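> I'd like to ask you about the structure that follows.
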Amino acid sequence: MIFGGGAMRFWTKGSRPFLFSALVLLSGCAIAPVTDDVAHVSASNIARQIRCEARQAVIDALLGYLTSDDNNVNKKKLDDYSFAIGNELKRAYNENPEAIRAFDPSQVTGFAHTVTKLLYSTGIAYYYDLTGLETNNIDPSANLIRPTPMTSLVTLGLTGSFDRQRQNEWSFTITDNFGNLVQKTSGSYCANHLVRTEDYVYPIAGKVGLAKLIKEFTLMSLFENLDELNKDVATVKKGPPSMVQQLQFTTAIGGGASPKIVFAPSGPQLQVTDVSFPVTVSRKDTHQLTVGLYLDKGEAKILGAVRGPIYEGSLITASGGRAELGAARAVQQFLALKIFKPAL
């Protein structure tokens, strides 16, 4: 009955196409918000990109160490035989990236064997928590007035709301072993999934910086007595080296529009003076990537020979599982510390 006046019929006929188009553009939504909606990259592709980033970081670390002139100056750090093997491996890799799969730590000697064995024996676990939150609000309002008689002015304000919010959260864990990642993963697997630059708008879809983590883990395992992750710092608990890094990325975008029509009512009937349709749209994606590195108990024993002469410290003998399971356990322990709490 309220919308039966001629003025309202004018809005209905003349402005409907424009307003409808605006609402469609601004309030379009996803039932289950996922990374595909924003970056056009699926969760499986993100996981693949990060695995490939880790693989490339291991390859770069391996070749960087074995072909370093500075390392070769100190023969105890990189002997001539291993240096020659490294340079030949780099030449073969540059000609055919698949050649890196044939390398094995047993091919080098001395300290180089320890370093490459440590690198290839390290397990890595990636825990993903990908959350998307989408909000679409439409809050229409209308004001009515009876202009005459002036002795009894009658007004009426009407409001409504049509607010929608959807949230989707995906959590999953992937585990790898550096040796298997290099030797058993074909270069073609990463051919179109190796991201070399950061994405500052939607970071999880770009390079996340695993090279630094891998480098620090290796150096600290060799020279800084890196120990098992232990949340109770008051208790000395010897165990295989482990390290965890947690990254949290938040991307929020939003916008709105407030289309409004104003009428010029006259006469004694109750009529619409203005109608507005404020629309707000927002999207907030919160992504956590927790990466754990772990050296299996059996392989950790190789560190005893190189740690002793440099730093005082007992041989690592605490119990532990396979490298991949150990990395996953390190991630689980880290999450128990609740250093980051998702905020929506």
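> Through the Karplus equation 6.51 cos²θ - 1.76 cosθ + 1.60, θ set to phi - 60°, convert the phi angles of segment 68-74 into ³J(HN,Hα) values in whole Hz; use x for Gly and Pro.
Whole-Hz 3J(HN,Hα) from phi for segment 68-74: 7, 5, 5, 5, 6, 4, 8.
> Right, here's the next one. Which percent of the accessible heavy-atom area of segment 62-215 goes to carbon and sulfur, probe 1.4 angstrom?
The C+S portion of the solvent-accessible surface of segment 62-215 is 53 percent.
> Still on this model: For segment 259-266, in order, what is each residue's ³J(HN,Hα) by Karplus, 6.51 cos²θ - 1.76 cosθ + 1.60 with θ = phi - 60°, in whole Hz (x at glycine and Pro)?
Here the 3J(HN,Hα) series is x, 9, 10, 10, 10, 10, x, 8 Hz.
> I need the semi-axes of the equivalent ellipsoid of segment 75-150: take the C-alpha gyration tensor, multiply each eigenvalue by 5, square-root it, list largest first in whole angstrom.
71, 16, 11
> With labels modelled as points extended 7 Å from the Cα through the Cβ direction, what inter-label distance (nm, one decimal) is found for Ala191 paired with Phe223?
4.0 nm
> Pull up all non-local amide H partners of Asp274: gap of 5 or more, or a different chain, and H-to-H distance under 5 Å with H placed in the peptide plane.
Placed amide hydrogens put Asn143, Phe263 under 5 Å from Asp274.
> Distance from a point 7 Å along Cα→Cβ of Lys75 to each backbone N in segment 109-133: keep the residues under 15 Å and list them by number.
109-112
> Then there is this: In whole Hz, what ³J(HN,Hα) sequence does segment 162-175 give by Karplus (6.51, -1.76, 1.60; θ = phi - 60°), x for Gly and Pro?
Listing the rounded values in order: 9, 9, 10, 9, 10, 10, 9, 10, 10, 10, 7, 10, 10, 10 Hz.
> Hey, what's segment 85-163 come to in accessible area per residue, 1.4 Å probe, Å²?
Per-residue accessible area for segment 85-163 comes out at 46 Å².
The values are calculated or read from the model by the stated rules, or taken from the named source; none is laboratory data. No experiment lies behind these values; they were computed from the predicted model shown. All Cβ positions, even for glycine, are placed from backbone atoms using ideal geometry, and neighbour counts span all protein chains on display. Only protein heavy atoms, including side chains, enter the accessible area calculation; ligands, DNA and RNA are left aside. Shrake-Rupley method; radii C 1.70, N 1.55, O 1.52, S 1.80 Å.
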